[in-house]
Amino acid sequence: MQLKINPSEVKDIVEFIKNYDKRKIKIMEVCGTHTMSIAKSGIKTILPENIKLISGPGCPVCVTAINRIDEILTLSQNPKVLIATFGDMLKVPGSRQGFNLATLKSMGAKVEVVYSAMDAISIAENNPDFEVVFLGIGFETTAPGTAVAIKEAKERNIKNFSVFSMHKFVEPALRALLDSKEIEIDAFICPGHVSTILGIKGFRFLADDYKKPSVISGFEPEDILTAIYKIIMQFEKNIAIIENEYMRIVTLEGNEFAQRIMEDVFEPVDDIWRGIGIIPKSGMGIKDTYCDFDTVKRFDIKLDFKDKLTICKCGDIIKGKIEPKECSLFAKLCSPENPIGPCMVSSEGACAAYYKYLRF
Ligand code: SF4
């Protein structure tokens, strides 16, 4: 796919950014895929001291509260249950260190890795003696796929399939971060994947309500550099607007079919986020019309919303308060082989990105 800027412009953009010294700008890259691309490409190494990139709450595994992980681990102990999950969830520890879905699988729990919610339906059909529970994680990007699977299961009357929905909306989390004023954020690189679904209009609130220069960006280093350049230019012009640097994919209205299917199956519910706590109407609960496919209702799970203490600092990392290297466990007690928290497990986690590309 062709980028909309040519290499000579990228060279000019790099030179411009490297030499920009007019003001301090702290930019949050919301999406975990951006965090990984920034680390891999070495973009941070060319930034001047006054331009800072900080990670945001855009890694689905990382924002899942430890409470939910504990509930999943408990559910996996039910001999009738088969957990179907994306691979990233396997090694996320619960409150009890050393225990995760992978270790419990080695001790006999039924856990299968899938690539989509539809795969979990196939597993349910092939395993009629088990209750197949799909772990629904992610934002507006993955939620439509889960919604399609729930509708399919209802249409085909599949009785042994349900979804533990931990899907979340991005907007309430960004509003919560900005409203809390816990950290200073001057501008945003908005997530390309979520924008594909929500469209440019999904992130207008950043400029309209908070006066934050914001750019929707793709994931190539050239995209991210262009987004940084455009943010700087907004500050230079003293404006705050939402710009779309990812025009080859993202439209004004987004994917309206995906939006409709999400609205049909999910409704906003209060949800708990790692490090942030409860954010009103930030979670995607399964509507009553589809309650037969809601794991929480089927197994009568009493969801826990209390804060749980943990030595892991992922909560501060996804709020952009600290960088992975500022966690005393980073690359010492905590590594991809022995992850203490989800940010080191997930392929989109900031700690994993720093460990792989920025450790030395
Ligand atoms: Fe958590 Fe490990 Fe990252 Fe520290 S280095 S914040 S313990 S995942």
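The values are calculated or read from the model by the stated rules, or taken from the named source; none is laboratory data. None of the values given here were measured: they were computed from a predicted structure. Note that each Cβ is placed from the backbone with ideal geometry, even for glycine, and that neighbours are counted across all protein chains shown.
Overview of values
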| read-out | value |
| --- | --- |
| Test result for MET344, hydrophobic (A, V, I, L, M, F, W, C) and more than 9 Å from the ligand (Cβ to nearest atom) | no |
| Single match in ALA102, ALA120 (criterion: part of a helix (DSSP H, G or I) and either crowded, with 21+ Cβ neighbours inside 10 Å or among the acidic types (Asp, Glu) (or both)) | ALA120 |
| Tally, over region 190-219, of residues that are more than 18 Å from the chain's Cα centre (by Cα) and either in a loop (DSSP other than H, G, I, E, B) or closer than 18 Å to CYS59 by Cα (or both) | 5 |
| Any hit, region 84-98, residues being modelled with pLDDT of 95 or more, of a type in the set (D, E, K, R) and either assigned to a loop (DSSP other than H, G, I, E, B) or touching a His at 6+ places or on another chain (Cβ under 9 Å) (or both) | no |
| Selected residue [polar (S, T, N, Q), surrounded by 24 or more Cβ atoms within 10 Å (Cβ to Cβ) and at negative phi] from SER180, SER217 | SER217 |
| Per-region count, region 308-335, residues under 20 Å from ILE69 (Cβ atoms), within 10 Å of the ligand (Cβ to nearest atom) and part of a loop (DSSP other than H, G, I, E, B) | 8 |
| First in region 332-360 and under 19 Å from MET89 (Cβ atoms) and touching a residue at least 60 places away in the same chain (Cβ under 8 Å), second anywhere and assigned to a loop (DSSP other than H, G, I, E, B) and near the ligand (Cβ under 8 Å from one of its atoms), Cβ under 6 Å, 6 or more apart | ILE340/CYS312; ILE340/LEU329; GLY341/CYS312; CYS343/GLY349; VAL345/PRO339 |
| Residues being near the ligand (Cβ under 7 Å from one of its atoms) and surrounded by fewer than 16 Cβ atoms within 10 Å (Cβ to Cβ) - total across region 347-357 | 0 |
| Residue that is nearest to the chain's Cα centre (by Cα), among those in region 48-68 that are surrounded by fewer than 19 Cβ atoms within 10 Å (Cβ to Cβ) and either modelled with pLDDT under 95 or not acidic (Asp, Glu) (or both) | ASN67 |
| Single unsatisfied condition, PHE360 versus (1) more than 9 Å from the ligand (Cβ to nearest atom); (2) exposed (fewer than 15 other Cβ atoms within 10 Å of the Cβ); (3) outside any loop (DSSP other than H, G, I, E, B) | (3) |
| Some residue of region 17-28 being farther than 14 Å from MET166 by Cβ and among the polar types (S, T, N, Q) | yes |
| Residue within region 267-284 that is within 28 Å of ASN160 (Cβ to Cβ) and of a type in the set (Gly, Ala, Ser) present | yes |
| Residues that are touching a residue at least 40 places away in the same chain (Cβ under 8 Å) and assigned to a helix (DSSP H, G or I), drawn from region 259-296 | GLN259, ILE261, MET262, ASP264, VAL265, TYR290, ASP292, PHE293, THR295, VAL296 |
| Conditions (1) within 8 Å of the ligand (Cβ to nearest atom); (2) on the phi > 0 side of the Ramachandran plot; number of the one not met by GLY277 | (1) |
| Odd one out for PHE305 among (1) assigned to a loop (DSSP other than H, G, I, E, B); (2) under 21 Å from the mean Cα position of the chain (by Cα); (3) exposed (fewer than 14 other Cβ atoms within 10 Å of the Cβ); (4) within 16 Å of the ligand (Cβ to nearest atom) | (4) |
